[in-house]
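Engineer: Pasting a structure here, questions to come.
The values are calculated or read from the model by the stated rules, or taken from the named source; none is laboratory data. Nothing here was measured: the structure is a model prediction, and the numbers come from that model. Glycine also receives a Cβ, built like all others from the backbone with ideal geometry; neighbour counts cover every protein chain displayed. Each accessible area value is taken on the protein alone, full model and side chains, heavy atoms only, with ligands, DNA and RNA left out. Shrake-Rupley method; radii C 1.70, N 1.55, O 1.52, S 1.80 Å.
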Amino acid sequence: MAEATKVKPVKAPKLADPMEASIEPATQEMIRRAQALQIETVFDRAVTMKPCAIGLQGICCKNCAMGPCRLPLPKNGIEGEDTRKGLCGATANTICARNFVRMIAAGAAAHSDHGRAVAETFLSAAKKETKDYTIKDPAKLIQIAPYFNVATTVEVDGVTKDRDIDEIALEVAEEAIKEWGKPEGTLNYLKRAPQPLQDKWEEQGVKPRNIDREIVEVMHRTHMGVDQDYKNLMKQGTRASLADGWGGAMIATDLQDVMFGSPTPLQAEANLGVMKEDHVNIIVHGHEPLLSEMIVAASQSQELIDYAITKGAKGIQLGGICCTANEVLQRHGVPPAGTFLQQELAIITGACDAMVVDVQCIFQNLANVAKCFHTKLITTHPIAKMEQENVIHIEFNEHYAMEDATRIVKMAIDNYENRGADVMIPQHKTTQIAGFGVESIKYHLGGTFRGSYYTLNDNIINGRIRGLAGVVGCNNARTKHNEEHITLIKELIKNDVLVLTTGCSAIAAGIHGLLTPEVAAVYCGPGLTEVCETVGIPPVLHLGSCVDNSRILLAATEVVKAGGLGNDLSDLPVAGSAPEWMSEKAIAIGQYFVASGVYTVFGYHMPLDGAPEFKDYLYKGMEDIYGGKWDCEPDPIKHAHKMIAHIDKKRKELGIDKARDRVLMDMADRQALGMD
Ligand code: BF8
């Protein structure tokens with residue numbers, strides 16, 4: 001007699017607890033809605049799939065087909081000699097360093113390829129091959145031209161005259177593009193760093209020669225059987241990271257400012273509640289603002305607004321996710337609908353008529369979520385397509401950008417009538433001031449007639465502002481959405497640390513209401529409150545997208561130039577942080593901050609535990625070389641206090657640790673302190 005087959009009970013899928021997944025009410029509401037509709041999101045997948053314990057340690061080598069070789073560190077560590085080896089003999093240090101510098105290369109490639117696309121479009125604009133892109137900020141063009149050795153004036157009959165702006169644009173565009181592959185010299189923008197920092201890079205042999213070369217060389221040196229010295233590997237990792245921060249990313253920022261306008265502070269809203277039930281909702285998501293700039297223009301055209309009205313909508317509402325959101329926010333006031341972890345949720349509102357994505361940080365699961373609704377998911381970049389059949393591809397072409405944008409906006413309008421009845425937009429949104437930059441900080445803190453960083457420096461020297469912190473980076477589904485960002489930032493401002501923020505951290509700060517001058521009185525220490533109230537700035541300044549971390553580097557350089565706080569970035573009372581990091585770009589950013597002299601703390605686990613010696617090199621050894629170093633602290637309060645302790649250490653070294661009184665210092669006072 002046949003045995004009765006046992007029927008295994010079907011287990012209900014594990015679901016995320018919305019209250020544990022996020023501190024943010026709109027996100028919690030939408031996770032609940034997704035679960036009620038049986039639509040899986042990243043929050044649920046984070047509960048059902050655990051991260052690989054060996055990968056977490058950073059010591060899985062899959063660089064050749066004899067592996068993957070896995071060298072986990074025994075629970076109780078290793079006593080005596082570490083004999084762990086891969087088949088080829090690669091040590092844990094070599095494997096961990098190779099993996100780490102490959103992350104840097106991927107991050108640098110992402111930012112720099114973005115920069116390349118911007119530079120190529122700028123060249124088309126300079127050659128007048130496209131009418132859709134023009135020079136909106138000639139002053140910025142003139143400001144950057146000298147770094148590319150492009151003259152901005154010309155001598156005519158012994159008289160100095162301004163050169164034609166179109167000629168300058170063409171030469172800058174041609175020179176900028178050479179930065180990706182020039183055969184000689186080093187990157188032009190390195191000259192923007194303080195001289196002692198340039199000297200350190202020279203001495204270490206880490207000045208990037210051209211952007212592409214440094215990334216290619218990382219891939220070569222991490223190939224099986226090439227570089228097997230973790231310090232030498234990190235040297236190349238450093239060079240690739242600098243090619244990002246002081247190269248590709250910085251060029252992206254500048255040329256975007258030239259073409260689309262440098263940001264100035266503006267007011268906007270933030271969070272999923274910016275979507276409107278009676279409007280056509282279009283979400284732009286990704287990083288490169290080339291097409292989204294045109295979508296902003298198209299969605300403001302009266303013709304398309306009228307067309308939307310004929311379809312029964314009251315208008316067109318644009319919103320953003322991730323860094324494309326930051327780009328269109330800082331220049332146009334388009335409200336961000338959410339951070340990285342809210343991308344699926346924007347579609348789950350049922351009110352997203354089109355989501356337009358370009359490159360980076362885009363979940364492939366968006367296509368599965370879009371299938372459950374009427375949402376048109378549109379990919380626009382030749383290097384970033386999706387395999388699912390419901391995805392529409394409209395390829396961006398700078399020569400027809402406005403036509404492409406108009407087609408996309410029309411498609412969203414036509415889709416409005418296909419919405420189901422099941423619309424649920426969470427009613428949570430905040431007001432924020434965004435759009436700060438190197439120039440606007442100068443203006444706000446220095447005033448119209450003496451725009452400078454002296455006032456900021458004075459306030460740091462007299463201690464009203466204890467120091468500066470760059471808080472940047474991602475969300476990570478392995479941590480509670482936004483909790484680390486917000487707890488950390490609040491603790492910093494409570495201790496009089498002025499925060500500069502970018503990326504998803506900046507969106508999170510906006511969503512949680514930390515980007516208005518009024519919050520100073522609620523959350524800040526007395527010194528920072530006084531400064532914010534006097535000059536009317538928020539205690540947390542939104543400086544843009546992740547490529548705009550270059551703005552933080554340049555703002556810090558301006559602080560050095562203004563005097564009184566040392567000669568190099570490593571002398572300043574500043575620290576960096578990415579509390580909820582997840583992307584390889586974050587590692588590239590972290591390394592270029594460290595190599596620029598900044599103490600940089602990450603919140604989520606770093607993939608280094610399997611190679612304690614290499615980890616020690618990053619957490620301690622780097623400081624002897626560059627003045628900056630890595631650290632990791634998951635608890636946001638302890639994280640903040642590590643940064644504050646570093647800031648205090650630097651204040652002490654500068655001799656301003658006792659200066660937290662209420663005296664504005666002039667140059668004579670500073671000279672008396674021996675800090676000129
Ligand atoms: O480049 S912060 S999740 S969106 S990687 Fe991505 Fe991280 Fe957000 Fe912007 Ni930056």
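Engineer: Within region 216-223, identify whether any single residue is surrounded by fewer than 24 Cβ atoms within 10 Å (Cβ to Cβ), over 30 Å from Asn326 (Cα atoms) and of a type in the set (Val, Ile, Thr), and answer yes or no.
Structural biologist: The answer is yes; a qualifying residue exists.
Engineer: Being within 14 Å of the ligand (Cβ to nearest atom) and either touching a Leu at 6+ places or on another chain (Cβ under 9 Å) or not aliphatic (A, V, I, L, M) (or both) is the filter here; which residues of region 552-588 pass it?
Structural biologist: The answer is Ile552, Gly576, Ser577, Pro579, Glu580, Trp581, Ser583, Glu584, Lys585.
Engineer: Which of (1) touching a Lys or Arg at 6+ places or on another chain (Cβ under 7 Å); (2) surrounded by fewer than 24 Cβ atoms within 10 Å (Cβ to Cβ) does Asn271 not meet, given it meets every other one?
Structural biologist: (2)
Engineer: Let me ask you something else. Of the residues Gly86, Gly67, Gly77, which is of a type outside the set (Phe, Trp, Tyr) and touching a Lys or Arg at 6+ places or on another chain (Cβ under 9 Å)?
Structural biologist: Only one candidate qualifies: Gly86.
Engineer: Another question, then. If you take just the helices (runs of 4 or more DSSP H) that sit entirely in region 13-63, which of them hold at least 2 residues that are in contact with a Leu (Cβ under 9 Å, 6 or more places away or on another chain)?
Structural biologist: Of the helices (runs of 4 or more DSSP H) lying wholly inside region 13-63, those with at least 2 residues that are in contact with a Leu (Cβ under 9 Å, 6 or more places away or on another chain) span 25-36, 42-48, 53-57.
Engineer: Is there a residue being within 20 Å of Ala556 (Cα to Cα), part of a helix (DSSP H, G or I) and not aliphatic (A, V, I, L, M) anywhere in region 497-514?
Structural biologist: Yes, that holds for at least one residue.
Yes/no matrix, rows are residues, columns are (1) assigned to a loop (DSSP other than H, G, I, E, B); (2) more than 27 Å from Gln267 (Cβ to Cβ); (3) charged (D, E, K, R):
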site: Phe373; (1), (2), (3): yes, yes, no
site: Gln388; (1), (2), (3): yes, yes, no
site: Ala421; (1), (2), (3): yes, yes, no
site: Gln427; (1), (2), (3): yes, no, no
site: Gln432; (1), (2), (3): no, no, no
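Engineer: Here is a check on your reading of the model: is Glu171 within 29 Å of Tyr400 (Cβ to Cβ) and either free of Cβ contacts under 8 Å to residues at least 60 places away in the same chain or assigned to a loop (DSSP other than H, G, I, E, B) (or both)?
Structural biologist: The answer is yes for Glu171.
Engineer: Of Lys182, Lys191, which residue is open to solvent by 20 Å² or more (accessible area, probe 1.4 Å), over 22 Å from Met234 (Cβ atoms) and touching a helix residue (DSSP H, G or I) at 6+ places or on another chain (Cβ under 7 Å)?
Structural biologist: Answer to the check: Lys191.
Engineer: While we're here: Taking the residues in region 622-641 that are surrounded by fewer than 19 Cβ atoms within 10 Å (Cβ to Cβ) and in contact (Cβ under 8 Å) with a residue 60 or more places away in the chain as candidates, determine which candidate is nearest to Thr238 (Cα to Cα).
Structural biologist: Pro634
Engineer: Looking only at region 134-153, decide whether some residue is at pLDDT 95 or above and in contact with a strand residue (DSSP E or B) (Cβ under 6 Å, 6 or more places away or on another chain).
Structural biologist: yes
Engineer: What are the pairs with Cβ atoms under 7 angstrom where one residue, in region 544-571, is in contact (Cβ under 8 Å) with a residue 24 or more places away in the chain and the other, located anywhere, is within 16 Å of the ligand (Cβ to nearest atom) and charged (D, E, K, R)? Sequence gap at least six, or different chains.
Structural biologist: Gly544/Arg551; Ser545/Glu327; Cys546/Lys585
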